[in-house]
Amino acid sequence: MQGQHQSQSPMTSAHIAQTMTLLYMTSTELLQTIDSELSKNPALELINERRCPMCNRKLPAHGPCPICSQPKTIDPEETIVFISPRDDFYTYKGSGTSHTSDIPEDPFSSVDLDLPTYVLRQVAPELETDEREIAAMILTNLNEDGFLSIDILEICRFHHVAPSKVEEVLQKIKRCDPLGVSARNVQEALLTQVDYLSKSSPVPEFVRRSISEHFDLLSKRQFTVLARKLGTNLQKIKDVSHFISENLNPYPARANWGSFRQPNGNAPDVFHQPDVMIYYLNNKPGNPLVIEIITPSRGTLRLNPLFKRALKEKTGEDQEEWKKDLDKASLLIKCIQQRNNTMRQLMERLVAIQKSFIIQGDTELEPLTRAQIADELSVHESTISRAVANKTVQLPNKKIIAMSTFFDRSLAVRAIMRNIIENENHAMNDTEIRKRLECQGIEIARRTVAKYRAMEGILPAHMRRIEKFATV
Ligand SMILES: [Zn+2]
């Protein structure tokens with residue numbers, strides 16, 4: 001139904017450009033694009049009929065293609081990959097063949113947004129007009145810990161405002177998730193979190209004062225001195241340190257923002273449907289893996305036959321305009337197919353390589369680059385980059401991850417490191433951790449250890465000593 005119109009022409013640059021653009025989109029964005037094109041292009045038509053994007057079979061009103069979503073052999077190692085047109089995209093609760101897809105309760109971490117955008121979304125409604133530019137300047141000057149890396153006075157000078165104005169905006173931003181973002185240092189971030197938490201739940205005595213007045217003693221684990229200075233006993237200080245380790249995050253921007261560590265569990269409005277779902281056939285571990293690639297659709301797109309017929313009777317300028325519409329519609333249909341094909345090939349390969357990771361977890365992740373996959377599939381690396389960008393994948397354990405995780409070279413190392421620290425019998429410093437990793441055949445620099453540790457939200461040794469091994 002598509003294709004006849006320009007099947008002879010090779011890939012035009014418009015074709016490539018559009019495929020690239022579509023590849024970059026999430027399923028939701030793709031749906032919006034289709035809707036927008038449908039509303040303005042009379043040559044494009046949506047018919048109320050579901051067809052399988054892979055075999056073109058007519059499909060029942062709901063559920064995936066009964067042929068493509070089933071195994072073709074009895075080989076348990078076989079992976080089933082199919083494209084799943086979703087007419088019920090926004091309300092989807094379960095696939096036709098299984099019950100794999102309860103939407104997870106916990107808000108999916110906003111991995112596909114950068115921190116400034118993520119925070120801006122939250123704070124924007126609270127900002128007065130004259131505060132917007134100040135907020136923008138603050139958010140574009142956050143370092144990788146989420147701390148403000150520029151002097152307030154500089155912001156004042158730049159925007160010709162009083163420091164109190166900048167402070168007001170900072171206060172609004174600091175209350176966003178991750179709590180304490182845009183603070184100037186760890187101490188300020190922790191205090192912001194304490195103040196926020198104390199509104200909804202009891203905070204142990206001395207937490208605030210330990211941080212605000214004796215932060216140095218606290219971070220140097222000088223518990224007894226701290227207790228004496230505050231006129232209390234050691235147990236109270238242990239409570240303080242326990243509370244801090246359980247509830248506060250010294251580096252607001254590290255790794256976990258937007259996810260479950262968020263203290264009050266407010267779901268940020270960034271959750272979206274996974275673009276790909278991986279589960280066991282019939283939801284039974286041991287069965288072949290099924291890869292369901294979601295393509296949003298409320299029906300089948302095609303070129304409007306009436307429009308095509310009418311085009312033949314047109315002449316002159318009109319005909320040119322109409323022809324352009326027809327070309328555009330045809331291109332969109334083609335490119336969506338192309339997008340589906342690329343996603344299918346990519347996922348098939350990715351799952352083959354990362355099967356152990358998918359089934360067994362982080363430590364099993366194979367080192368893999370986008371270039372390697374591009375090479376295997378004989379496509380350009382940028383094609384893979386776009387296909388991976390912004391996409392999310394739901395794993396058999398229902399966890400939704402960014403597709404880019406499949407290429408995260410540090411993930412496996414971080415998992416091993418997490419394990420080492422969980423089982424430490426004294427608070428190991430980064431040099432010791434580095435040596436331990438070396439024993440397991442992983443050679444990384446000490447500063448890389450520090451970086452990974454922070455990405456995992458694990459405190460440095462002297463802080464861990466306070467929480468885990470507080471026996472003075
Ligand atoms: Zn099919």
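The values are calculated or read from the model by the stated rules, or taken from the named source; none is laboratory data. Worth saying up front: this structure is predicted, and the values here are computed from it rather than measured. Quick reminder, even Gly has a Cβ in these numbers, built from the backbone with ideal geometry, and neighbours come from all protein chains shown. Areas reflect the complete protein model, heavy atoms only, side chains present, ligands, DNA and RNA absent. Shrake-Rupley method; radii C 1.70, N 1.55, O 1.52, S 1.80 Å.
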Expressed as a percent, the accessible surface of the chain that is carbon or sulfur, using a 1.4 Å probe and the full set of protein chains, is 49 percent
The lysines whose Cα lies under 24 Å from the Cα of Lys236, excluding any fewer than 8 residues away in the same chain, are Lys199, Lys220, Lys468
Computed over the chain, the convex hull of the Cα set has an average projected area, in nm², of 28.7 nm²
Within the chain, the percent of DSSP beta bridges that are antiparallel, given to the nearest 5, stands at 60 percent
Taking chymotrypsin sites (Phe, Trp or Tyr not before Pro) as exposed when in a DSSP loop with at most 12 other Cβ atoms inside 10 Å, the chain has its longest clean stretch at 261-472
Summing -39500 (n - 2.57) over every DSSP H run of at least 4 residues in the chain and dividing by its residue count gives a helix-only mean residue ellipticity at 222 nm, to the nearest 500 deg cm²/dmol, of -14500 deg cm²/dmol
For segment 330-441, Rg(Cα) over 2.2 N^0.38 Å is 1.34
Rounded to one decimal in nm, the spacing of the 7 Å Cα→Cβ label points at Ser212 and Ala450 is 3.0 nm
Sorted list, accessible surface of protein heavy atoms, 1.4 Å probe, largest first, for Thr28, Thr392 is Thr28, Thr392
For the chain, dividing by residue count, accessible area per residue (probe 1.4 Å) in Å² works out to 50 Å²
Going residue by residue through segment 417-425, the Karplus relation 6.51 cos²θ - 1.76 cosθ + 1.60 with θ = phi - 60° gives ³J(HN,Hα) values, rounded to whole Hz and with x marking Gly or Pro, of 5, 4, 5, 4, 5, 4, 9, 5, 9
Note, segment 286-291: 3J(HN,Hα) by Karplus (6.51, -1.76, 1.60, θ = phi - 60°), whole Hz, Gly/Pro = x, goes x, 5, x, 7, 10, 10
Measuring from its Cα centre, segment 281-354 shows a charge dipole (+1 at each Lys and Arg Cβ, -1 at each Asp and Glu Cβ) which, in debye to the nearest 20, is 280 debye
With Cα coordinates, the longest principal axis of the chain makes an angle with the long axis of helix 129-139, in degrees rounded to 10, of 80 degrees
Between the modelled labels at Asp75 and Lys323 (7 Å from Cα along Cα→Cβ) the distance in nm is 4.9 nm
Computed ³J(HN,Hα) along segment 217-222: with the Karplus parameters 6.51/-1.76/1.60, θ = phi - 60°, integer Hz and x for glycine or proline, the list is 4, 4, 6, 8, 6, 8
Taking a straight Cα-to-Cα line shorter than 22 Å from Lys72, and setting aside same-chain lysines fewer than 8 residues away, one finds Lys58, Lys284, Lys355
Relative to the chain, whose Cα atoms define the longest principal axis, helix 430-439 and its Cα axis are tilted in degrees, nearest 10, by 50 degrees
Packing-ranked peptide list from 347-353, 441-447, highest mean Cβ count within 10 angstrom first, is 347-353, 441-447
The extension gain from Thr117 to Lys58, computed as 0.36 nm times the residue separation minus the Cα-Cα distance, is 17.1 nm
For Lys40, counting only aspartates and glutamates whose alpha-carbon sits under 20 Å away and dropping same-chain residues fewer than eight positions off, the answer is Glu29, Glu317, Asp318, Glu320, Glu321, Asp325, Asp327
Sorting Ser13, Gly180, Leu459 by the position of each Cα along the dipole of the chain (Lys, Arg +1; Asp, Glu -1; all at Cβ), the one nearest the positive end of that ordering is Leu459
